[in-house]
1. For a quick check, take a GNM of the chain with Cα springs below 10 Å and name the residue from 230, 49, 35 with the largest mean-square fluctuation.
2. What angle do you read, to the nearest 10 degrees and between 0 and 90, between the alpha-carbon axis of helix 77-88 and the longest principal axis of the chain?
3. Expressed as an acute angle from 0 to 90° and rounded to the nearest 10, what is the orientation of the C-alpha long axis of helix 155-165 relative to the principal long axis of the chain?
4. Going by the alpha-carbon gyration tensor, a ≥ b ≥ c the square roots of its eigenvalues, is the stretch 250-365 rounded (a/c under 1.5) or, if a/c is not under 1.5, prolate (a/b greater than b/c) versus oblate?
5. Residue 31 versus residue 187, label points 7 Å from Cα toward the beta carbon: distance in nm?
6. How far is it, in nm, from the label point at residue 369 to the one at residue 160 when both lie 7 Å from their Cα along the line to the Cβ?
7. Just need the relative contact order of the chain here, percent rounded to a whole number, with Cα pairs under 8 Å and 6+ apart.
8. Would you calculate, for the chain, the mean residue ellipticity at 222 nm contributed by helices, counting each DSSP H stretch of 4 or more residues as -39,500 (n - 2.57) and dividing by all residues, to the nearest 500?
């Protein structure tokens, strides 16, 4: 029978050990080597870089959640990005990316361009993307909502436009901010979904992981061969922790959304806040602090929220993208995107929303110059 995503999450891994113990919770297999029944025979597991029972359960779960054919669990979010580009983009190829991205993604793009004959163009989300497509374009990379200015892209409309021009161009979507709870890109035109699973999927600020999910058997075979060769796999313990965390993803995301929406609405009315950026869904938002206020003083006055990189955990985190996540970009690039030194990104956690608002409000009030 067809079951909904909340049930998939809560039941994740249940029944995976039925033939042995009947354990409701998935077992954790630490072994890196597995005995062969005989010459030329395999239990399905040979060596941990190739496949482990724990990681397989996780990867099956990831595929189910994003409604893909196969999932791949990697050692970090950046490893997930590298898996996509190492598998699909070769010397002489061209790709297109949306303009507002996690700074580390741009750093990676610039590195592969410098090291190879690969080239890329940046799409601002408003102009006709067809003008950027070339005969050697292989991939379009999107973040929606974007990091850190929360720009959104209609994946379905964009996919239709691109596939009409060249059906072989693949569309990859970084779904870290919304997760499959609020957005399932493979259902609306994407070919590949990527997550920094360190963030909402892990959800507790204690796992470093990435995920890639694909929508075709052909892509699955390519990615599996590439991952085995490159070895960026997620270890068994982190896989087990991520499986545990996914069981409450639907509950956590609802609270993140409630808090994010509440803060976006209320912050817009607070003196010292010039503008709030929010996609209307999820727990991520940004706001511009007036230049009559000190960002450093604001950070020093925080009592509940923490000034730290990352996002998606139970604790509310405050990030200054111009100084932290996007510092490798040139000042000209940052200014063009609106990533000023007064742009503050908020990952709304699971605390009481009124406590969060009161903390931000008093921190802003204490930052006036």
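Every number in this text was worked out from the coordinates using simple rules, so none of it is lab data. The model shown is predicted, which means the values in this text are computed figures rather than measured ones. Virtual Cβ from ideal backbone geometry, glycine too; neighbours counted across all protein chains shown.
1. Fluctuation is largest for 35.
2. 60 degrees
3. 60 degrees
4. Prolate, since a/c reaches 1.5 and a/b exceeds b/c.
5. With each label placed 7 Å out from Cα toward Cβ, I get 3.8 nm.
6. So the label points at residue 369 and residue 160 sit 4.8 nm apart.
7. Working: 737 pairs, mean separation 64.7, N = 369.
It rounds to 18 percent for the chain.
8. -10500 deg cm²/dmol
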